[in-house]
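Everything below concerns the one structure shown next.
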Amino acid sequence: MPAEPITAAQLFERTFAPHYPPDALADLAAARSTDANPAGNPSILAQIDHAAEVFARLAPGAFGAPDLGLDFSDASVHRLGAALTRERRDAWLSPAEGAAGARGISAESGGGAPPMLVTLVTHGALYVGACVARNHGGKWQVRRPLWESLVRLESRAGTGDLAIFQWWLKALSDEEIGRGRLADRYRTHVEVPTFDAERLPVIAAGDRRIPRLAKVRYDTLYKHLRAHLPELRSVGEDFPSPERFEEMAFKSLEFALLGGGRMLLMHGATAEGVHLFWLDASGFVKSVYYPADSFPAHVVQIDGQKIRVIVPVRGETQAHEMLWWGA
């Protein structure tokens, strides 16, 4: 392995750039913004679907994971993200591995045998994009080469063009490898914005006010919720354990019912930062942590469909926005 860190930019320049058409490489910005299928030729979209199908069929063998289960579901993207390990990446960067291992996918796609990493990522980007298209109504924005294609997704968060090939490059860099960031981006940019939160059952009337909890312990939190939100029967199996909760040492906890009472947001500051917890009728759903200074206090603003979290960091203010059902 090289001594210097492998960045997304280095991966692109050293491994992928040699496989680009010279004119596209000469002006990447133009290539990434120009519609390569203005007439809506269905055969080009069929090529994308074919490449995604080939990846789904042959990638488990390339990963050495026959149970990877690439069935075009959202869950399959999470399995794929977890399978992107440093050891696999480094093996795919090996010239010998590339010469032998990528041949199956490349042959079905009608090409030669580029390095294994190139084959997997270019086809994998189209696979993940196909998951967005099939499950969430995403529309392909075709680019040249095809793996640079974007997926346009419309949701209550707005309209966004997802650059999935870039997700792969970042997820395979030293900064992110082994951290499941491909799946994190899919969750943040696809699953969360398209989540049908209105289908969640109502816990309690959304205008109910739950007072602040000043002395925070696991037992006092339990009693507080029993007194002010008895409809929430449990914090759920995935809520932090009593031991972990005590370690956090919250200064206080505040509460807000969201989405017409479909979710409970709990948030509070510790010595290191701010924690937010989302619970639905079944208990804990997700959490977010933001490092922050101890003063001034953080602020959570709820405005319709969105939440804004304002935290002080090294004397400056940072704001984080998300939909009410969480990041």
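The values are calculated or read from the model by the stated rules, or taken from the named source; none is laboratory data. For clarity, every value in this text was computed on a predicted model and none was experimentally measured. Reconstructed Cβ throughout: ideal geometry from the backbone, glycine too, with neighbour counts over all protein chains shown. The accessibility values were calculated without ligands, DNA or RNA, using every heavy atom of the protein model including side chains. Shrake-Rupley method; radii C 1.70, N 1.55, O 1.52, S 1.80 Å.
Working carefully through the options LEU221, LEU323, find the one that is surrounded by 15 or more Cβ atoms within 10 Å (Cβ to Cβ) and closer than 25 Å to SER155 by Cα.
Result: LEU323 is the single residue among LEU221, LEU323 that is surrounded by 15 or more Cβ atoms within 10 Å (Cβ to Cβ) and closer than 25 Å to SER155 by Cα.
Name the residues in the range 212-232 that are of a type in the set (D, E, K, R) and within 15 Å of ALA281 (Cα to Cα), would you?
Keep residues of the range 212-232 that are of a type in the set (D, E, K, R), which gives 212, 215, 217, 219, 223, 226, 231.
Answer for the range 212-232, where residues must be of a type in the set (D, E, K, R) and within 15 Å of ALA281 (Cα to Cα): ARG226, GLU231.
Restricting the search to the range 279-327, which residues are among the hydroxyl-bearing types (Ser, Thr, Tyr) and touching a residue at least 12 places away in the same chain (Cβ under 8 Å)?
Within the range 279-327, SER282, SER287, TYR289, TYR290, SER294 qualify.
Any idea how many residues of the range 284-299 are within 23 Å of the chain's Cα centre (by Cα) and more than 20 Å from GLU247 (Cβ to Cβ)?
Residues meeting the conditions: 1.
How many residues are closer than 20 Å to PRO115 by Cα and not hydrophobic (A, V, I, L, M, F, W, C) if we restrict to the range 6-49?
10
Since GLN47 meets every condition but one in (1) open to solvent by 30 Å² or more (accessible area, probe 1.4 Å); (2) of a type outside the set (Ser, Thr, Tyr); (3) out of contact with any Leu (no Cβ under 8 Å at 6 or more places or on another chain), which condition does it not meet?
Condition (3) is where GLN47 drops out.
This table checks each residue for (1) touching a Lys or Arg at 6+ places or on another chain (Cβ under 9 Å); (2) of a type outside the set (Ser, Thr, Tyr); (3) at pLDDT 95 or above.
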position: ILE177; (1), (2), (3): yes, yes, yes
position: PRO201; (1), (2), (3): yes, yes, yes
position: THR220; (1), (2), (3): no, no, yes
position: ALA227; (1), (2), (3): no, yes, yes
position: ARG233; (1), (2), (3): no, yes, no
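With among the small types (Gly, Ala, Ser) and open to solvent by 70 Å² or more (accessible area, probe 1.4 Å) as the only criterion, which of ALA269, ALA249, ALA297, ALA256 stands out?
Only one candidate qualifies: ALA297.
Among the numbered criteria (1) in a helix (DSSP H, G or I); (2) open to solvent by less than 10 Å² (accessible area, probe 1.4 Å); (3) not β-branched (Val, Ile, Thr), which one does LEU153 miss?
Of the numbered conditions (1) in a helix (DSSP H, G or I); (2) open to solvent by less than 10 Å² (accessible area, probe 1.4 Å); (3) not β-branched (Val, Ile, Thr), the odd one out for LEU153 is (1).
Among the residues of the range 158-202, how many are more than 11 Å from the chain's Cα centre (by Cα), closer than 20 Å to HIS123 by Cα, in contact (Cβ under 8 Å) with a residue 40 or more places away in the chain and open to solvent by less than 20 Å² (accessible area, probe 1.4 Å)?
Residues that pass the stated criteria total 6.
Does the range 1-27 hold any residues that are open to solvent by less than 40 Å² (accessible area, probe 1.4 Å) and hydrophobic (A, V, I, L, M, F, W, C), and which are they?
Within the range 1-27, ILE6, ALA8, LEU11, PHE12, PHE16, ALA17, ALA24 qualify.
What residue, of PHE277, PHE245, PHE295, is in contact with a strand residue (DSSP E or B) (Cβ under 6 Å, 6 or more places away or on another chain) and aromatic (Phe, Trp, Tyr)?
Exactly one of PHE277, PHE245, PHE295 is in contact with a strand residue (DSSP E or B) (Cβ under 6 Å, 6 or more places away or on another chain) and aromatic (Phe, Trp, Tyr), namely PHE277.
Among the residues of the range 300-318, write down those that are of a type outside the set (Val, Ile, Thr) and buried (at least 16 other Cβ atoms within 10 Å of the Cβ).
PRO312
Looking at the range 29-44, which of the residues that are within 25 Å of the chain's Cα centre (by Cα) and not polar (S, T, N, Q) is surrounded by the fewest Cβ atoms within 10 Å (Cβ to Cβ)?
Looking at the filtered set, the residue picked out is ALA29.
Look at GLY137 and say whether it is open to solvent by less than 50 Å² (accessible area, probe 1.4 Å), farther than 25 Å from ALA29 by Cβ and more than 16 Å from the chain's Cα centre (by Cα).
Spelling it out, GLY137 is indeed open to solvent by less than 50 Å² (accessible area, probe 1.4 Å), farther than 25 Å from ALA29 by Cβ and more than 16 Å from the chain's Cα centre (by Cα).
Any chance you could count how many residues in the range 210-257 are farther than 21 Å from PHE295 by Cα, out of contact with any Leu (no Cβ under 7 Å at 6 or more places or on another chain) and part of a loop (DSSP other than H, G, I, E, B)?
Of the residues in that region, 11 qualify.
Could you tell me which residue of the range 275-294 is most open to solvent (accessible area, probe 1.4 Å), considering only residues that are farther than 20 Å from GLY206 by Cβ and hydroxyl-bearing (Ser, Thr, Tyr)?
Taking the candidates together, the pick is TYR289.
Does PHE55 count as touching a Gly at 6+ places or on another chain (Cβ under 7 Å) and either in contact (Cβ under 8 Å) with a residue 12 or more places away in the chain or surrounded by 11 or more Cβ atoms within 10 Å (Cβ to Cβ) (or both)?
So PHE55 passes the test.
For the range 93-101, state whether one or more residues are at pLDDT below 95 and open to solvent by less than 30 Å² (accessible area, probe 1.4 Å).
There is at least one residue in the range 93-101 that is at pLDDT below 95 and open to solvent by less than 30 Å² (accessible area, probe 1.4 Å).
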